[in-house]
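Report on the following structure.
The values are calculated or read from the model by the stated rules, or taken from the named source; none is laboratory data. The structure displayed is predicted, hence computed values, not measured ones. Cβ sites come from the backbone with ideal geometry, for glycine too, and all protein chains shown count toward neighbours. Surface accessibility is based on the protein's heavy atoms, side chains included, excluding ligands, DNA and RNA. Shrake-Rupley method; radii C 1.70, N 1.55, O 1.52, S 1.80 Å.
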Amino acid sequence: MAGERALGPDGPPLAYPIQEVNLHLTRQPGNAAFSVRRVSLSGKGSATFERGDELLQIAYPTTELVALLNELYRIRFFELPSQYTARYSVFLKDDGMIATSVLRMMDAGSTRICFAATGYEKCVTYGRDGPSDLENIVNGVFDDLEKRAAGK
């Protein structure tokens with residue numbers, strides 16, 4: 001495996017500079033009464049936290065970013081499908097054929113998380129039924145940044 005440069009055929013490079021890492025999280029509420037919330041974590045030791053009209057710059061140590069990246073690797077983030085927002089179901093037609101239907105809830109809330117490094121990018125978008133492991137990680141990031149913002 002010495003010739004491999006990436007994790008799987010569509011995965012990130014096996015080695016990349018921490019300074020080139022960017023992790024973006026976006027919460028898009030389904031209800032217009034709430035505003036979009038965004039977090040951008042940089043391998044340069046900073047975070048940008050956007051909630052409503054407020055834009056905060058917060059220190060975010062690279063050691064914590066590496067721990068967060070390890071969590072993404074642990075849940076196999078790079079192998080996840082890029083979309084979890086469509087719901088599939090099947091039904092039996094009168095002629096005995098199984099047909100598939102797709103339901104997309106365009107006005108439902110969603111979360112998008114993107115990892116970028118060295119020309120590689122992986123994004124996953126999910127709704128309320130998305131992968132719970134990923135949702136737990138995203139909730140932890142938003143909670144952590146809320147606490148850091150309150151301490152400023």
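Restrict the check to the range 113-124 and report whether at least one residue is among the charged types (D, E, K, R) and at pLDDT 95 or above.
yes
Within the range 1-26, can you find the residues that are modelled with pLDDT of 70 or more, open to solvent by 40 Å² or more (accessible area, probe 1.4 Å) and either touching a helix residue (DSSP H, G or I) at 6+ places or on another chain (Cβ under 8 Å) or assigned to a strand (DSSP E or B) (or both)?
Matches in the range 1-26: ASP10, ILE18, ASN22, HIS24.
Against the definition (assigned to a loop (DSSP other than H, G, I, E, B) and either touching a residue at least 24 places away in the same chain (Cβ under 8 Å) or farther than 13 Å from LEU23 by Cβ (or both)), how does ASP133 come out, yes or no?
No.
Give all pairs with beta carbons closer than 8 Å in which a residue from the range 136-152 that is modelled with pLDDT of 95 or more meets a residue that is in a helix (DSSP H, G or I) and open to solvent by 40 Å² or more (accessible area, probe 1.4 Å); count only pairs at least 6 apart in sequence or on separate chains.
As it stands, the answer is ILE137/GLU71, since those pairs meet every condition given.
Could you please tell me which pairs satisfy a Cβ distance under 8 Å, a separation of 6+ or placement on different chains, a first residue in the range 50-65 that is over 18 Å from ARG27 (Cβ atoms), and a second residue that is among the β-branched types (Val, Ile, Thr) and in a strand (DSSP E or B)?
Qualifying pairs under 8 Å: GLN57/THR48.
Would you check if ILE75 is farther than 17 Å from ASN139 by Cα and touching a Leu at 6+ places or on another chain (Cβ under 7 Å)?
Answer is no for this residue.
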